[in-house]
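Some notes on the structure that comes next.
The values are calculated or read from the model by the stated rules, or taken from the named source; none is laboratory data. Since the structure is predicted, the reported quantities are computational estimates derived from the model, not experimental observations. Neighbour counts run over all protein chains shown; Cβ positions are idealised from the backbone, glycine included.
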Amino acid sequence: MTVNSADTTGNSALNAERRARELRDLGDGAEIDVLVIGGGVTGVGAALDAAARGLRTVLVERHDLAFGTSRWSSKLVHGGLRYLAGGQVGIAHESAVERGILIGTTAPHLVRPLPQLVPLLPEIGVAQQSLIRAGFVAGDVLRRSAGTSPATLPRSRRVAAAEALRLAPTVRRDGLRGGLQAWDGQLVDDARLVVALARTAAAQGATILTRTEAIEVTGDSATLRDTLSGETMSVRPRTVLNATGVWADEVDPSIELRPSRGTHLVFSAESFGGLTASLTVPVPGSTSRFVFAFPAAHGRVYLGLTDEDAPGPVPDEPKPTDAEIDFLLDTINTVLREPLTRNDIRGSYAGLRPLLKTADNSTADISRKHAVLHSPTGVITIVGGKLTTYRQMAEDAVDAAITQGMLTAGSCRTKRLPLVGAVSGAARDHIDAPPALIERYGSEAPLILAAAHNDPAGQEPVAPGIDVIAAEFDFAVSHEGALDISDLLDRRTRIGLVAEDRQAALPAAEAAFADRR
C-alpha cells in the first residue's frame, strides 16, 4: 500500500521563496501557539506533532535542518537492546516501539532491516557467547512486545561460518566457528529523515524557517533574527519549546548539560569486501560495549561508535580525537584478516549527545532517557533521548506545551502519520525508478526521474563515481529547503563526508544555484 502524507508539488515544498514569504507574514504580527527552537530531529518532530494537532506552529533554526547532532548519528534505528542489558527496561521497550513505528509507518522508505553479525572467533569464549546470545534473544522478546512482525525483523539465530563470511567477507577465517545474528533498523540517512519531517510539518501548516536565530527568549516572547539579512522581529508565542540539543543551555541557562562525543570513521565499501551486515565487535574488556561497521549510502562503510566526555564550548562541527580513531581501528581489527590503517580512512565525523549533567563519572553509563524541563522563564526544554525515540520525545514536549499554554488542540497523530515519500510493501516494488532514488525519496523518486528526463543535464552524476544526479540537487533547492552549497553537499546528500568527493561535486552544487541568483 502506498502512503503519502502530502502533495509534494504543493504545501510540503520548502524553498527560498516560501521562506521569504513566511518571514514577511510572521512580521505582520501572525499569531503563534508554539514556537519551536531547533531544527534537529526532535525539533522538527515537535513541529510536526504540534501542527498536526491544529496548533499554529513556527520552527526556527539558526543554521540548516539537521545541522547539529541529528546528522552525526550512526544512522541506526535501535531496538533498545543496550538499555535492556543495563536494566533500563522502560527505555528499551520505548525504543523498540518507536523503531516499529518508523520502519512500518513513518518512514518505511528511509528505514530498512539490517542484520547484525557478531563473528564467533577464539577471543569470544563460551561465557561471552552465551551472554551475547541471551541479549539477542531478549531483543526478540522486545520486538514481539513492541508488535513488530518477524517478517519485518527476523528472529535472531546462530549462523555457520560460511554465512558469516558471506555477510562480512573480510572477517578472519582462522578459528571462525560461525556467528550470532540479530536484526535492527538502519536509516538510509538521518539528515534526510529530518528534512522529510520538516516538509511534512510544513504540509500540516507549520512555518519552517532556517537561517533564523531566536534570541532574548522567554516562555511567551522571542526576538527572531534573519541571519541572511540581519533583520529582526519580535514575536509573542503562547508557548516556546527549546529543542536545541547540545545548545539547549544557551536558550535555558537553568539547565546543565554534559555532552558526550560519538565518533565514526568513513571507509570505502571495498575496504570491507562487500559488507552486507552490521559487523558487531565486542570491545575487549567490556561485556556491554561494541563497535560496529555497517554498509552506508554512496558505496561507503561507517565504523563507530565512541562515547567520550566532551566538556567545554560546543563546536558547530565536533571533530574526532586521535585516541578515538585508534580505539575504533584497534577494536575492529581484532576480527579482520587484513588490519585497516589510517590510510584506509576516507572521512570521519563526530556528534555530541545532549545528556543532562549527573554525578556519574562515565557518560557511557548515563541514562539516554529524555527529560521535559520547565525553565523559570517559562521555556519548555526537551533534552536527552536519542534519534530512534524522537517521536515520543516530541509528543511529550508538545503535551507539556499544551498544558502550560492552556492550548486547545487535538490528540497526537504522529504514530499513524506517514512522512512525505513514505511507501512500503508491494507499492515500493512498482515505483519505476532506480533503487537508490527510491531509498532516498520513496514515492517522490519519479519526480526526480521526470525532472532528469526533461533536462539531459539533470541525468548526469554530480561527479564521476558518485551515485547522486544533478536533478537531486535541483529538487533539494526547490522542495527540500536547501539555501546554499553546504546544504546540498553536507546534509541533503552526504557527499561531503569524504573531502575528495565534496571537492569533485562542488561545481554541480554551484550550478544548482546559478539560475536562482
Pairs needed: first member in the stretch 212-233, closer than 25 Å to Ala482 by Cβ and at pLDDT 95 or above; second member anywhere, in a strand (DSSP E or B) and small (Gly, Ala, Ser); C-beta distance under 7 Å; at least 6 residues apart or different chains. Ala214/Ala222; Leu224/Ala214
Cβ-Cβ under 6 Å pairs, at least 6 apart or on other chains, the stretch 284-313 side closer than 23 Å to Pro339 by Cβ, far side part of a loop (DSSP other than H, G, I, E, B): Arg289/Val283; Pro295/Leu275; Val301/Leu275; Gly304/Ser74; Leu305/Ser74
Do we find that Ala164 is more than 28 Å from Leu387 (Cβ to Cβ) and surrounded by 20 or more Cβ atoms within 10 Å (Cβ to Cβ) in this structure? yes
Looking only at the stretch 484-501, which residues are surrounded by fewer than 20 Cβ atoms within 10 Å (Cβ to Cβ) and more than 20 Å from the chain's Cα centre (by Cα)? Asp484, Ile485, Ala499, Glu500
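To keep it simple, each residue is scored yes or no on (1) surrounded by fewer than 12 Cβ atoms within 10 Å (Cβ to Cβ); (2) at pLDDT below 95.
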| position | (1), (2) |
| --- | --- |
| Asp322 | yes, no |
| Ile345 | no, no |
| Arg368 | no, yes |
| Val379 | no, no |
| Val383 | no, yes |
Checked against (1) assigned by TED's automatic domain parsing to the domain that holds Leu114; (2) small (Gly, Ala, Ser); (3) outside any loop (DSSP other than H, G, I, E, B), Gly274 satisfies every condition except (3)
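Residue by residue, here is whether (1) closer than 19 Å to Thr381 by Cα; (2) hydroxyl-bearing (Ser, Thr, Tyr); (3) surrounded by fewer than 23 Cβ atoms within 10 Å (Cβ to Cβ) holds:
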{"position": "Asp190", "(1), (2), (3)": "no, no, no"}
{"position": "Ala196", "(1), (2), (3)": "no, no, no"}
{"position": "Arg199", "(1), (2), (3)": "no, no, no"}
{"position": "Gly205", "(1), (2), (3)": "no, no, yes"}
{"position": "Arg211", "(1), (2), (3)": "no, no, yes"}
{"position": "Ile215", "(1), (2), (3)": "yes, no, yes"}
{"position": "Asp220", "(1), (2), (3)": "yes, no, yes"}
{"position": "Thr223", "(1), (2), (3)": "yes, yes, yes"}
{"position": "Arg236", "(1), (2), (3)": "yes, no, yes"}
Scan of the stretch 402-415 for residues that are more than 19 Å from Ala202 (Cβ to Cβ) and either assigned to a helix (DSSP H, G or I) or not assigned by TED's automatic domain parsing to the domain that holds Ser221 (or both), ordered by number: Ile402, Thr403, Gln404, Gly405, Lys415
Complete set of residues in the stretch 443-459 that are within 19 Å of Ala505 (Cα to Cα) and either modelled with pLDDT of 95 or more or not charged (D, E, K, R) (or both): Ile448, Ala452, Pro456, Ala457, Gly458, Gln459
Criterion first (farther than 19 Å from Arg491 by Cα and either surrounded by fewer than 21 Cβ atoms within 10 Å (Cβ to Cβ) or not acidic (Asp, Glu) (or both)) does Gly299 satisfy it? no
If I go through the stretch 115-134 residue by residue, how many of them are over 12 Å from Trp183 (Cα atoms) and surrounded by 13 or more Cβ atoms within 10 Å (Cβ to Cβ)? 10
Matching entry among Ala30, Ala20 (being over 25 Å from the mean Cα position of the chain (by Cα) and part of a helix (DSSP H, G or I)): Ala20
Filter result (of a type in the set (D, E, K, R) and either under 17 Å from Ile101 (Cβ atoms) or assigned to a helix (DSSP H, G or I) (or both)) within the stretch 134-173: Asp140, Arg143, Arg144, Glu163, Arg166
Output the residues belonging to the stretch 188-201 that are at pLDDT 95 or above, in contact with a Lys or Arg (Cβ under 8 Å, 6 or more places away or on another chain) and aliphatic (A, V, I, L, M). Ala191, Val194, Val195
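Per-residue answers, yes or no, for (1) touching a strand residue (DSSP E or B) at 6+ places or on another chain (Cβ under 7 Å); (2) hydrophobic (A, V, I, L, M, F, W, C); (3) assigned to a loop (DSSP other than H, G, I, E, B):
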{"site": "Ala201", "(1), (2), (3)": "yes, yes, no"}
{"site": "Ile208", "(1), (2), (3)": "yes, yes, no"}
{"site": "Glu216", "(1), (2), (3)": "yes, no, no"}
{"site": "Leu228", "(1), (2), (3)": "no, yes, yes"}
{"site": "Ser234", "(1), (2), (3)": "yes, no, no"}
{"site": "Leu241", "(1), (2), (3)": "yes, yes, no"}
Assigned to a helix (DSSP H, G or I), under 19 Å from the mean Cα position of the chain (by Cα) and hydrophobic (A, V, I, L, M, F, W, C): which single residue out of Val291, Val246, Val266 fits that description? Val246
Can we say Ala463 is part of a loop (DSSP other than H, G, I, E, B), more than 22 Å from the chain's Cα centre (by Cα) and among the aliphatic types (A, V, I, L, M)? yes
From the list Gln186, Gln181, which residue is under 29 Å from Leu65 (Cβ atoms), in a strand (DSSP E or B) and touching a residue at least 12 places away in the same chain (Cβ under 8 Å)? Gln186
I'd like to check something: does the stretch 297-313 contain any residue that is of a type in the set (Asp, Glu) and part of a helix (DSSP H, G or I)? no
Among the residues that make up the stretch 417-435, is at least one of them under 15 Å from Leu193 (Cα atoms), under 21 Å from the mean Cα position of the chain (by Cα) and among the small types (Gly, Ala, Ser)? yes
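Quick grid of which residues meet (1) surrounded by fewer than 16 Cβ atoms within 10 Å (Cβ to Cβ); (2) charged (D, E, K, R); (3) touching a residue at least 60 places away in the same chain (Cβ under 8 Å):
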residue: His374; (1), (2), (3): yes, no, no
residue: Val398; (1), (2), (3): no, no, yes
residue: Gly421; (1), (2), (3): no, no, yes
residue: Asp429; (1), (2), (3): yes, yes, no
residue: Asp432; (1), (2), (3): yes, yes, no
residue: Leu447; (1), (2), (3): no, no, yes
residue: Ala450; (1), (2), (3): yes, no, no
What residue, among those in the stretch 41-70 that are assigned to a loop (DSSP other than H, G, I, E, B) and of a type in the set (A, V, I, L, M, F, W, C), is nearest to the chain's Cα centre (by Cα)? Ala66
Considering only the stretch 79-120, state which residues are within 30 Å of Pro446 (Cα to Cα) and part of a loop (DSSP other than H, G, I, E, B). Ala107, Pro108, His109, Leu110
